[in-house]
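Throughout, read-outs are computed from the coordinates displayed, never taken from laboratory work. Since the model is a prediction, treat every value here as computed from it, not as a measurement. Here the Cβ positions follow ideal geometry from the backbone for every residue, glycine too, while neighbour counts run over all protein chains shown.
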2 protein chains.
Amino acid sequence: MRNVGLVIFDDAEELDFMGPWEVFSYAAKMTGQDRVLTLAASVRPVRCAKGMQVIPDAPLSDAPPLDVVLVPGGIGTRREVDNPEMIGWLRKVCPTATWVTSVCTGSLLLHEAGPARGKRVTTHWSFVETLRARGDVTVLEKVRYVRDGNLVTAAGVSAGIDMALWLVGQRDGVQVARDVQRGIEYDPAPPYSADV
Amino acid sequence: MRNVGLVIFDDAEELDFMGPWEVFSYAAKMTGQDRVLTLAASVRPVRCAKGMQVIPDAPLSDAPPLDVVLVPGGIGTRREVDNPEMIGWLRKVCPTATWVTSVCTGSLLLHEAGPARGKRVTTHWSFVETLRARGDVTVLEKVRYVRDGNLVTAAGVSAGIDMALWLVGQRDGVQVARDVQRGIEYDPAPPYSADV
């Protein structure tokens with residue numbers, strides 16, 4: 001059994017981790033190969049960026065070995081990037097994870113902790129310059145996600161869904177990813193795209 | 001201040017309500033016009049279909065007047081469709097809501113409670129026949145969402161994002177919907193669509 005750990009914290013953006021949660025959990029239900037869990041500093045409820053309260057599955061200190069680490073973004077990353085407990089934990093677990101991933105501004109934490117240094121990455125469009133200004137990183141724009149070795153960074157919020165589906169294809173095979181896509185009816189059709 | 005109420009229950013599918021939550025909350029942050037809240041039988045934590053534990057904002061019995069009611073799907077709808085408290089609550093609040101909406105198999109609850117009777121609706125592709133078999137309803141297929149009067153029903157899971165964005169456009173104007181789309185970087189690009 002492999003473990004997929006989604007790190008959450010106060011003011012994490014809801015869809016940043018809930019999109020990948022749905023995708024990874026759906027795949028896990030089909031394959032029986034993964035346990036997907038939310039991890040936080042403690043198991044007290046986390047209050048997300050838009051106010052949703054989520055009870056974490058386990059504290060960071062009690063996380064099992066992780067095959068996938070996912071760090072979401074949200075306004076809380078401004079605090080967590082300077083939180084030695086969070087950064088120290090990422091420094092400890094990322095080197096042994098098969099895949100290290102982020103959504104949105106979660107890339108800032110992966111840069112602070114090390115895995116994104118010297119790598120090609122992406123982030124939310126409004127934080128491209130912020131991430132570039134940190135140095136020692138190549139930030140790509142107008143892409144849904146970037147894979148550089150075992151590091152996969154997604155653009156803002158909803159891009160985590162595409163990234164997680166891609167990763168399911170890499171880990172479980174393309175057919176499983178397509179079955180998940182069909183299961184969650186992910187044939188997106190954003191309204192108002194036409195200039196009417 | 002208008003209220004957007006997302007009904008949740010044990011085994012509700014996570015992304016069914018979390019996608020719309022992100023969209024409505026993002027719009028509310030921009031306009032200051034809405035309060036978005038999760039509602040459940042009680043305020044004890046709800047365990048969703050894939051195991052995420054969410055603390056509801058308010059009990060159904062204490063819900064404020066709702067401008068939008070949203071009913072998600074998930075395996076829990078099989079139980080809730082026969083739950084007199086849930087169905088009775090929907091019968092009470094839907095007639096005074098401006099918009100009555102569902103995602104995925106949430107449409108089954110809206111049919112049981114009345115708002116979907118005699119209407120054109122959609123649901124998750126695998127429940128089209130189940131919903132049709134209930135009678136007195138026209139179930140459309142291969143559409144993201146269907147609007148019939150003030151009833152808006154979305155297809156499975158991720159379709160709630162498209163539906164919520166459309167509804168933001170109706171309630172707050174198309175420009176706000178486009179700004180939310182840009183904020184959550186909703187330029188979806190599902191991988192593995194090509195036959196490789």
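Checked against (1) more than 13 Å from the chain's Cα centre (by Cα); (2) farther than 15 Å from A:Pro190 by Cα; (3) more than 7 Å from chain A (Cβ to nearest Cβ), B:Asp187 passes all but a single condition, namely (2). Quick one: would you say A:Leu37 is aliphatic (A, V, I, L, M) and within 14 Å of chain B (Cβ to nearest Cβ)? When the stated conditions are applied, A:Leu37 passes them.
Might you check whether a residue that is in a helix (DSSP H, G or I) and touching a Phe, Trp or Tyr at 6+ places or on another chain (Cβ under 9 Å) occurs anywhere in region B:143-160? Checking region B:143-160: at least one residue is in a helix (DSSP H, G or I) and touching a Phe, Trp or Tyr at 6+ places or on another chain (Cβ under 9 Å).
Given the options B:Ala27, B:Ala97, name the one that is buried (at least 22 other Cβ atoms within 10 Å of the Cβ), hydrophobic (A, V, I, L, M, F, W, C), more than 18 Å from A:Ile55 (Cβ to Cβ) and more than 9 Å from chain A (Cβ to nearest Cβ).
Testing whether each residue is buried (at least 22 other Cβ atoms within 10 Å of the Cβ), hydrophobic (A, V, I, L, M, F, W, C), more than 18 Å from A:Ile55 (Cβ to Cβ) and more than 9 Å from chain A (Cβ to nearest Cβ) leaves just B:Ala27.
Pick from region B:116-131 the residues that are in a helix (DSSP H, G or I) and within 12 Å of another protein chain (Cβ to nearest Cβ): which of them is surrounded by the fewest Cβ atoms within 10 Å (Cβ to Cβ)? The qualifying residue surrounded by the fewest Cβ atoms within 10 Å (Cβ to Cβ) is B:Ser126. Scanning region A:164-176 for residues that are surrounded by fewer than 24 Cβ atoms within 10 Å (Cβ to Cβ) and facing chain B (nearest Cβ under 7 Å) returns A:Trp166, A:Gly169, A:Val174. Here is the figure for region A:141-163: residues that are buried (at least 24 other Cβ atoms within 10 Å of the Cβ) and more than 10 Å from every other protein chain (Cβ to nearest Cβ) total 1.
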